[in-house]
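**Q** Sending over a structure as structure tokens; questions will come in a sec.
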Amino acid sequence: MTDITVDRLPETKIGESYLDEGHSLASWLTTTDHKRIGILYALSITAFFFIGGAAIGLVRLELLEPHGLFLTDEEYNRLFTLHGIIMVWFFLVPSIPTTFGNFLLPMMIGAKDVAFPRLNLMSWYLFVIGATFTIITIIAGGVDTGWTFYTPLSTLYANGNVIAAAAGVFVVGFSSIATGINFIATTHMLRAPGMTWTRLPLFVWAIYATSVVMILATPVLAMSLLLVSVERWFGVPIFNPNNGGDPLLFQHLFWFYSHPAVYIMILPAMGVISEVFACFARRKVFGYTAMVYSLMSIAVIGFMVWGHHMFVAGQSPYANLVFSFLSFVVAVPSAIKVFNWVATLYGGQIVFKAPMLYAMGFLGLFTVGGLTGLFLASVPIDIHVTDTYFVVAHFHFIMVGGSVSAFFAALHFWWPKITGRLYPDYWARFGAITMFLGFNATFLPQFVMGYEGMPRRYHVYPEQFQVYHVISTAGTVLLAVAYILPLLYLGWSLLYGNRADRNPWHAAGLEWETLSPPPKENFERTPTVTSGPYSYGEDAEPQAHTA
Amino acid sequence: MSDAPALLHEPWPSVERQREGVSFGLWLFIATEILFFSGLFLGYTLYRNLYPDAFKIAARETEVFFGTLNTAILMTSSLTMAVAARGATRGFRKMTLWCLAVTITLGCTFLLCKGLEYHDDIDNRLVPGPDFKLKPPETQIFWAFYWVMTGIHAVHVTVGIGVVTTVTLLIYRRRIPLATAAVEAMALYWHLVDVIWIFLLPLLYLMGRS
Ligand SMILES: [Cu+2]
């Protein structure tokens, strides 16, 4: 490889930035460029995120007092349902794959675009239409089933627009499937010459594993929501116990999707963290092969553990035993990843830039979330804490502490590449620390009150829990600051930030070898890849040559 | 080939690779479809095991005549679709267009028969609800699955007819080349829809008559 010199063409010969390929609204709404579609997704999920956040903000305020402050029971139920549906389906599931996955996956493998660019645009339209429709129906008519749509509440008793809300989620599901198909086909078919499977960056592997889960799990959610809608609409008995129907069947179908959905949320985050740690510890990721196998085995084993959501639902004790065992098994590859990240940091030359701080936050919070997951995998402990705030705290540590921290790590890491601008690192580090503190203040008390018996979803509660609720709500304020702050300094950087060069972090990876922001075709020529990812250190060389 | 440039789209390096990509994408979609229907098959299996007698009583009421006729229609349409897909790659323009037209007609005939059958079912008070004619109540579950399974299948046939008609017209007007990867892709889809029917036939029409 020493004979390779990287001869770059003079910059004037390269196509202009993808951002300058038309400035009209129409040029954005009809684009098939994966980078622009990534940005369309980013804008829409940001809007949804703040709506979902506002809903839970009201809930947290309401919970300051044991008997509530300003909401009726009905409004309270609708608000947490709105929060759950938006955050799960319209923010967390699409978050990293549709934004950074769309933007980076083709660049990281040296492709010009995703395999089916028009399908990619269509899936954005499906997403926005389905999500907007659902949010309007929930706000206008109200749905109070929680995001889980459990029967017979959803089919026989719930008031409000359950069918409309389910229809919107159904449509969004097809957007997710289209995205998954696109990413898998892209990874298989459009890798640049020399980009073998073992040279793929871990972010690509993570998005690939996520896509497999998306295309195999989402259709089962679609079917379970369809059956709920059919039963509710036509009165056809499928889950109705009066005619011999079995509500537990719905839970099986629902969790067959919704447990793997957790991996749709966390696998891409794991990919981001591997990239960020390697760059800011200036080291190759420790145990690349183990990292790949653990990603794929999480994706596969993740399909076999859904019954841990039904330990108290009337499932047979033998099923409980098996699902409990498998839930412990699925923790092993996650643990491998945590150890490998720590080993990557060990002996590295760590630089505490903002993306690194967010990634460190991920590591700590994800570990706590994962370890409390082991409590819940164990049947006797789960029976004690089922449907309490312990569970709420556990999955928020994974989904918010893990996925959202990783989302912000990715945002700060690739921001210069995406926009061509640098942001003020001081404010970004301040935001990262605020987020970490705010998160812990919000959710650590929930572990305690949950373990002591505070049930989730309750509007009123015994006074002994008030102190925890007050701390939690105070933490929420801090979290809100941490989420709004980046809007300000990143917005500022768009207008006044210094121009970024190709590779401001001196990171490895194909995406850093092209311009910031990249031209429409991503690279001046199709790159030829000559080595694996993460060549950091003194003898570092570019991963590809483009001459 | 003179129409080669129109065949190749960004970001594919070659027509051959693009063709492979399109059918690979469609196979992934088929995997999705299988999981989509598997929820129904799981539910059906579960309830049939819970209520074998009710399922027997209920399944006797399906119209095996229409079931058989529709199976024959769909299988024939699969044949014409397969011939069309081959014809398109060999450049037999006329034959391909004819076969696609026959496929569309057979698809519509299938839907027509299904409609007639639904009409009879409704007349026979086989829609679950207060008017439902069979006892015990668990028979309603079988019929719920009947309506949902055949209904979703019919939606798939309708979508298939729409797609095949569009592509056929585009080829006929020479707006897209005959050798487009779309023909093979929609043939895969059409076969999938037929295969699903092959599973529905014994579950819904034959099991009550064993
Ligand atoms: Cu789970």
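The values are calculated or read from the model by the stated rules, or taken from the named source; none is laboratory data. It should be emphasised that the depicted structure is a prediction, and the values quoted were computed from it without experimental measurement. Positions of Cβ are backbone-derived with ideal geometry, glycine not excepted, and every protein chain shown enters the neighbour counts. Keep in mind that these areas ignore ligands, DNA and RNA; they rest on the heavy atoms of the full protein, side chains included. Shrake-Rupley method; radii C 1.70, N 1.55, O 1.52, S 1.80 Å.
**Q** From (1) within 14 Å of the ligand (Cβ to nearest atom); (2) within 18 Å of B:F36 (Cβ to Cβ), pick out the condition that doesn't hold for A:M223.
**A** Among (1) within 14 Å of the ligand (Cβ to nearest atom); (2) within 18 Å of B:F36 (Cβ to Cβ), A:M223 violates only (1).
**Q** Evaluate the following for A:V351: is it farther than 30 Å from A:P416 by Cβ and touching a residue at least 12 places away in the same chain (Cβ under 8 Å)? Steps first, please.
**A** Values: farther than 30 Å from A:P416 by Cβ: no; touching a residue at least 12 places away in the same chain (Cβ under 8 Å): yes.
Against the criterion (farther than 30 Å from A:P416 by Cβ and touching a residue at least 12 places away in the same chain (Cβ under 8 Å)), A:V351 does not qualify.
**Q** Of the residues A:F149, A:F127, only one is buried (at least 23 other Cβ atoms within 10 Å of the Cβ) and touching a Pro at 6+ places or on another chain (Cβ under 7 Å); which?
**A** Numbers: A:F149 fails: touching a Pro at 6+ places or on another chain (Cβ under 7 Å).
Checking each option against the conditions leaves just A:F127.
**Q** Quick check on segment A:170-180. Is at least one of its residues within 20 Å of A:P219 (Cα to Cα), away from chain B (no Cβ under 14 Å) and of a type in the set (S, T, Y)?
**A** no
**Q** Further, regarding this structure: Sort out which residues of segment A:255-269 are open to solvent by 10 Å² or more (accessible area, probe 1.4 Å) and under 15 Å from the mean Cα position of the chain (by Cα), and write them in order of number.
**A** Here is the first cut: in segment A:255-269, the ones open to solvent by 10 Å² or more (accessible area, probe 1.4 Å) are A:255-256, A:259, A:262-263.
If the condition is that a residue be open to solvent by 10 Å² or more (accessible area, probe 1.4 Å) and under 15 Å from the mean Cα position of the chain (by Cα), then A:H259, A:V262, A:Y263 are the ones that fit.
**Q** Moving on. Does segment B:151-160 contain any residue that is surrounded by 19 or more Cβ atoms within 10 Å (Cβ to Cβ) and more than 11 Å from the chain's Cα centre (by Cα)?
**A** Within segment B:151-160, none of the residues are surrounded by 19 or more Cβ atoms within 10 Å (Cβ to Cβ) and more than 11 Å from the chain's Cα centre (by Cα).
**Q** Given (1) within 13 Å of the ligand (Cβ to nearest atom); (2) in a helix (DSSP H, G or I); (3) touching a residue at least 24 places away in the same chain (Cβ under 8 Å); (4) not basic (K, R), identify the lone condition not met by A:P333.
**A** Single failed check for A:P333: (1).
**Q** Out of A:L371, A:L345, A:L376, A:L365, which single residue is touching a Ser or Thr at 6+ places or on another chain (Cβ under 9 Å), more than 14 Å from the ligand (Cβ to nearest atom) and not acidic (D, E)?
**A** Testing whether each residue is touching a Ser or Thr at 6+ places or on another chain (Cβ under 9 Å), more than 14 Å from the ligand (Cβ to nearest atom) and not acidic (D, E) leaves just A:L365.
**Q** Related question: With respect to A:F203, is the statement that it is touching a helix residue (DSSP H, G or I) at 6+ places or on another chain (Cβ under 9 Å), open to solvent by less than 20 Å² (accessible area, probe 1.4 Å), under 30 Å from A:A290 (Cα atoms) and aromatic (F, W, Y) true? So that I can check it myself, show each step before the final result.
**A** Details: touching a helix residue (DSSP H, G or I) at 6+ places or on another chain (Cβ under 9 Å): yes; open to solvent by less than 20 Å² (accessible area, probe 1.4 Å): yes; under 30 Å from A:A290 (Cα atoms): yes; aromatic (F, W, Y): yes.
So A:F203 passes the test.
**Q** Another question, then. Being over 25 Å from the mean Cα position of the chain (by Cα) and under 26 Å from A:K112 (Cβ atoms) narrows it down to one residue among A:P193, A:P201; which is it? Can you show your working first?
**A** On the way: A:P201 fails: over 25 Å from the mean Cα position of the chain (by Cα).
Exactly one residue qualifies, and that residue is A:P193.
**Q** Another one. Out of A:V272, A:V292, which single residue is assigned to a helix (DSSP H, G or I), farther than 24 Å from A:H412 by Cα and either open to solvent by less than 20 Å² (accessible area, probe 1.4 Å) or away from the ligand (no atom under 16 Å from the Cβ) (or both)? Even if it seems obvious, please write down each step before you answer.
**A** Numbers: A:V272 fails: farther than 24 Å from A:H412 by Cα.
Result: A:V292 is the single residue among A:V272, A:V292 that is assigned to a helix (DSSP H, G or I), farther than 24 Å from A:H412 by Cα and either open to solvent by less than 20 Å² (accessible area, probe 1.4 Å) or away from the ligand (no atom under 16 Å from the Cβ) (or both).
**Q** Still on this structure: Quick test for you: out of A:F311, A:F339, pick the one residue that is away from chain B (no Cβ under 14 Å), out of contact with any strand residue (DSSP E or B) (no Cβ under 8 Å at 6 or more places or on another chain), within 16 Å of the ligand (Cβ to nearest atom) and of a type in the set (F, W, Y). Quick ask: steps written out before the conclusion?
**A** Values: A:F339 fails: within 16 Å of the ligand (Cβ to nearest atom).
The conditions single out A:F311.
**Q** Something else about it: Looking at the structure I just gave you, is A:S294 of a type in the set (S, T, N, Q) and closer than 25 Å to A:T218 by Cβ?
**A** Values: of a type in the set (S, T, N, Q): yes; closer than 25 Å to A:T218 by Cβ: yes.
So A:S294 fits the description; yes.
**Q** Is it the case that some residue within segment A:425-434 is without any contact (Cβ under 8 Å) to a residue 40 or more places away in the chain and open to solvent by 10 Å² or more (accessible area, probe 1.4 Å)? If you could, list the steps in order and put the result at the bottom.
**A** Kept after step one, since they are without any contact (Cβ under 8 Å) to a residue 40 or more places away in the chain, are these residues of segment A:425-434: A:426.
After this cut, where a residue has to be open to solvent by 10 Å² or more (accessible area, probe 1.4 Å) as well, the list is A:426.
Scanning segment A:425-434 turns up at least one residue that is without any contact (Cβ under 8 Å) to a residue 40 or more places away in the chain and open to solvent by 10 Å² or more (accessible area, probe 1.4 Å).
**Q** Of everything in segment B:136-160, what is of a type in the set (S, T, Y) and away from chain A (no Cβ under 11 Å)? Give them in sequence order.
**A** First pass over segment B:136-160, keeping only residues of a type in the set (S, T, Y): B:139, B:146, B:150, B:158.
Selection gives B:T150, B:T158.
**Q** If you go through segment A:243-253, how many residues are within 10 Å of another protein chain (Cβ to nearest Cβ) and out of contact with any Pro (no Cβ under 7 Å at 6 or more places or on another chain)? Walk me through how you get there before you give the answer.
**A** Of all residues in segment A:243-253, those within 10 Å of another protein chain (Cβ to nearest Cβ) come to A:243-246, A:248-250, A:252-253.
Subsequent filtering for residues that are out of contact with any Pro (no Cβ under 7 Å at 6 or more places or on another chain) retains A:246, A:248-250, A:252-253.
Number of matching residues: 6.
**Q** So is A:G101 part of a helix (DSSP H, G or I), in contact with a helix residue (DSSP H, G or I) (Cβ under 6 Å, 6 or more places away or on another chain) and buried (at least 22 other Cβ atoms within 10 Å of the Cβ) or not?
**A** So A:G101 fits the description; yes.
**Q** Can you tell me how many residues in segment A:314-330 are away from the ligand (no atom under 11 Å from the Cβ), open to solvent by less than 40 Å² (accessible area, probe 1.4 Å) and either assigned to a loop (DSSP other than H, G, I, E, B) or not hydrophobic (A, V, I, L, M, F, W, C) (or both)?
**A** To start, the set of residues in segment A:314-330 that are away from the ligand (no atom under 11 Å from the Cβ) comprises A:314-322, A:324-325, A:328-329.
Subsequent filtering for residues that are open to solvent by less than 40 Å² (accessible area, probe 1.4 Å) retains A:315, A:319-320, A:324.
Filter again for either assigned to a loop (DSSP other than H, G, I, E, B) or not hydrophobic (A, V, I, L, M, F, W, C) (or both), leaving A:315, A:320, A:324.
Residues flagged as away from the ligand (no atom under 11 Å from the Cβ), open to solvent by less than 40 Å² (accessible area, probe 1.4 Å) and either assigned to a loop (DSSP other than H, G, I, E, B) or not hydrophobic (A, V, I, L, M, F, W, C) (or both) within segment A:314-330 amount to 3.
Results for (1) part of a helix (DSSP H, G or I); (2) of a type in the set (G, A, S), shown as yes or no for each residue.
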{"position": "A:I433", "(1), (2)": "yes, no"}
{"position": "A:F436", "(1), (2)": "yes, no"}
{"position": "A:T442", "(1), (2)": "yes, no"}
{"position": "A:G453", "(1), (2)": "no, yes"}
{"position": "A:L515", "(1), (2)": "no, no"}
{"position": "A:E521", "(1), (2)": "no, no"}
{"position": "A:E524", "(1), (2)": "no, no"}
{"position": "A:Y534", "(1), (2)": "no, no"}
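**Q** For segment B:125-135, enumerate the residues that are more than 8 Å from chain A (Cβ to nearest Cβ) and either more than 25 Å from the chain's Cα centre (by Cα) or under 15 Å from B:Y44 (Cβ atoms) (or both).
**A** If the condition is that a residue be more than 8 Å from chain A (Cβ to nearest Cβ) and either more than 25 Å from the chain's Cα centre (by Cα) or under 15 Å from B:Y44 (Cβ atoms) (or both), then B:R125, B:P130, B:D131, B:F132, B:K133, B:L134, B:K135 are the ones that fit.
**Q** Would you check if there is a residue in segment A:192-203 being assigned to a helix (DSSP H, G or I), more than 14 Å from every other protein chain (Cβ to nearest Cβ) and β-branched (V, I, T)? Walk me through how you get there before you give the answer.
**A** Narrowing segment A:192-203 to residues assigned to a helix (DSSP H, G or I): A:197-199, A:202-203.
With the extra rule that they be more than 14 Å from every other protein chain (Cβ to nearest Cβ), the set shrinks to A:197-199, A:202-203.
From what's left, β-branched (V, I, T): A:198.
Checked against the condition, which is being assigned to a helix (DSSP H, G or I), more than 14 Å from every other protein chain (Cβ to nearest Cβ) and β-branched (V, I, T), segment A:192-203 yields at least one hit.
**Q** Can you pull out the residues in segment A:275-284 that are of a type outside the set (D, E), crowded, with 24+ Cβ neighbours inside 10 Å and touching a helix residue (DSSP H, G or I) at 6+ places or on another chain (Cβ under 6 Å)?
**A** Those that are of a type outside the set (D, E), crowded, with 24+ Cβ neighbours inside 10 Å and touching a helix residue (DSSP H, G or I) at 6+ places or on another chain (Cβ under 6 Å): A:V276, A:F277, A:F280.
**Q** Among (1) in a helix (DSSP H, G or I); (2) more than 24 Å from A:I273 (Cα to Cα); (3) away from every other protein chain (no Cβ under 11 Å), which single condition is A:Y208 missing?
**A** (2)
**Q** Condition (residue is facing chain A (nearest Cβ under 7 Å) and among the acidic types (D, E)) applied to segment B:42-58: is it met by at least one residue?
**A** Checking segment B:42-58: not a single residue is facing chain A (nearest Cβ under 7 Å) and among the acidic types (D, E).
**Q** Among the candidates A:F443, A:F413, A:F439, single out the residue that is touching a residue at least 24 places away in the same chain (Cβ under 8 Å), over 24 Å from A:E275 (Cα atoms) and not acidic (D, E).
**A** Exactly one of A:F443, A:F413, A:F439 is touching a residue at least 24 places away in the same chain (Cβ under 8 Å), over 24 Å from A:E275 (Cα atoms) and not acidic (D, E), namely A:F443.
**Q** Out of all the residues in segment B:16-37, which are hydroxyl-bearing (S, T, Y) and either more than 12 Å from chain A (Cβ to nearest Cβ) or touching a Pro at 6+ places or on another chain (Cβ under 8 Å) (or both)? I'd like the intermediate steps shown before the answer.
**A** Taking segment B:16-37 as the starting set, the residues that turn out to be hydroxyl-bearing (S, T, Y) are B:23, B:32.
Selection gives B:T32 alone.
**Q** Only one of (1) touching a residue at least 12 places away in the same chain (Cβ under 8 Å); (2) assigned to a helix (DSSP H, G or I); (3) away from every other protein chain (no Cβ under 14 Å) is not met by A:I136, so which one is it?
**A** Just one mismatch for A:I136, condition (1).
**Q** Please go through segment A:227-242 and pick out each residue that is outside any loop (DSSP other than H, G, I, E, B), surrounded by 19 or more Cβ atoms within 10 Å (Cβ to Cβ) and at the interface with chain B (Cβ under 10 Å from one of its Cβ atoms).
**A** Once the filter is applied, which keeps residues that are outside any loop (DSSP other than H, G, I, E, B), surrounded by 19 or more Cβ atoms within 10 Å (Cβ to Cβ) and at the interface with chain B (Cβ under 10 Å from one of its Cβ atoms), segment A:227-242 yields A:L227, A:V230, A:E231.
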